[in-house]
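Student: Let me begin by handing over the structure; questions about it come next.
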Amino acid sequence: MTRHLSAALVALVAIGAAPLGAQTDVSGEWEASYTTPLGTQELKIYLTQEGPRVTGHTTSEYGESMVRGTITGQDIQFSFSTTDAGKAVDIRVAAMVEGNKMRGTAKIGDRAEGVFTAERSDSAAGRARSPGLRNSANQRAETGELSDSTQSPSLRH
């Protein structure tokens, strides 16, 4: 009886020590959009992931902005800034990553919240593509070549 209990205890400990889910890799290029009171904003997001830390930048017709965030399992949270009528507006994204897609919400400062979606625009091989492209974006962000804000149409009515 003791032997069976010991074997069951060892099995439970082994199961508990195993990771519950593999970490999702979001590194790469994403075509994204989020809704605002005045319509949909479209952008590209270039992400690099190191463990739970996510960095990168966005590009849109209004410019570039740095991205900072975290990922735990399939749950990603990140933020970037834009400007509206000369004032900085933080966009905070909370989404679920499912394969090559993300879906969640984008909080637009303290003004509004809208649907956020993204789809990986590089191939699966793109996740392992030349790190020089991703590193170049991070180097530009670290040296201040990327602005912390972009220009966007007014979010006010």
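The values are calculated or read from the model by the stated rules, or taken from the named source; none is laboratory data. All of these numbers come straight from a predicted model, not from anything done at the bench. A quick note on method: Cβ atoms are made from the backbone with ideal geometry, for glycine too, and the neighbour counts reach across all protein chains shown.
Student: Would you please name the residue that is surrounded by the most Cβ atoms within 10 Å (Cβ to Cβ), looking only at residues in region 54-72 that are modelled with pLDDT under 95 and more than 16 Å from Ala106 (Cβ to Cβ)?
Tutor: The qualifying residue surrounded by the most Cβ atoms within 10 Å (Cβ to Cβ) is Glu64.
Student: Starting from region 79-106, take each residue that is surrounded by fewer than 13 Cβ atoms within 10 Å (Cβ to Cβ) and list its partners that are in a strand (DSSP E or B), counting only C-beta distances under 7 angstrom and pairs at least six apart or across chains.
Tutor: Short answer, once both residue conditions are applied: Ala88/Ser81.
Student: With respect to Arg134, is the statement that it is in contact with a Leu (Cβ under 7 Å, 6 or more places away or on another chain), assigned to a helix (DSSP H, G or I), among the basic types (Lys, Arg) and modelled with pLDDT under 95 true? Reasoning before the result, please.
Tutor: On the way: in contact with a Leu (Cβ under 7 Å, 6 or more places away or on another chain): no; assigned to a helix (DSSP H, G or I): yes; among the basic types (Lys, Arg): yes; modelled with pLDDT under 95: yes.
When the stated conditions are applied, Arg134 does not pass them.
Student: How about region 48-64: which of its residues are touching a residue at least 60 places away in the same chain (Cβ under 8 Å) and either under 13 Å from Val115 (Cα atoms) or of a type outside the set (Val, Ile, Thr) (or both)? Walk me through how you get there before you give the answer.
Tutor: Of region 48-64, the ones touching a residue at least 60 places away in the same chain (Cβ under 8 Å) are 48, 55-58, 60, 62-64.
Selection gives Gly56, His57, Ser60, Tyr62, Gly63, Glu64.
Student: Now for a different question. Hey, does region 71-82 have a residue that's over 11 Å from the mean Cα position of the chain (by Cα), among the aromatic types (Phe, Trp, Tyr) and farther than 13 Å from Val26 by Cβ?
Tutor: Checking region 71-82: not a single residue is over 11 Å from the mean Cα position of the chain (by Cα), among the aromatic types (Phe, Trp, Tyr) and farther than 13 Å from Val26 by Cβ.
Student: Within region 35-46, identify whether any single residue is in contact (Cβ under 8 Å) with a residue 24 or more places away in the chain, in contact with a helix residue (DSSP H, G or I) (Cβ under 6 Å, 6 or more places away or on another chain) and either surrounded by 21 or more Cβ atoms within 10 Å (Cβ to Cβ) or part of a loop (DSSP other than H, G, I, E, B) (or both), and answer yes or no.
Tutor: Looking for residues that are in contact (Cβ under 8 Å) with a residue 24 or more places away in the chain, in contact with a helix residue (DSSP H, G or I) (Cβ under 6 Å, 6 or more places away or on another chain) and either surrounded by 21 or more Cβ atoms within 10 Å (Cβ to Cβ) or part of a loop (DSSP other than H, G, I, E, B) (or both), one finds at least one in region 35-46, hence yes.
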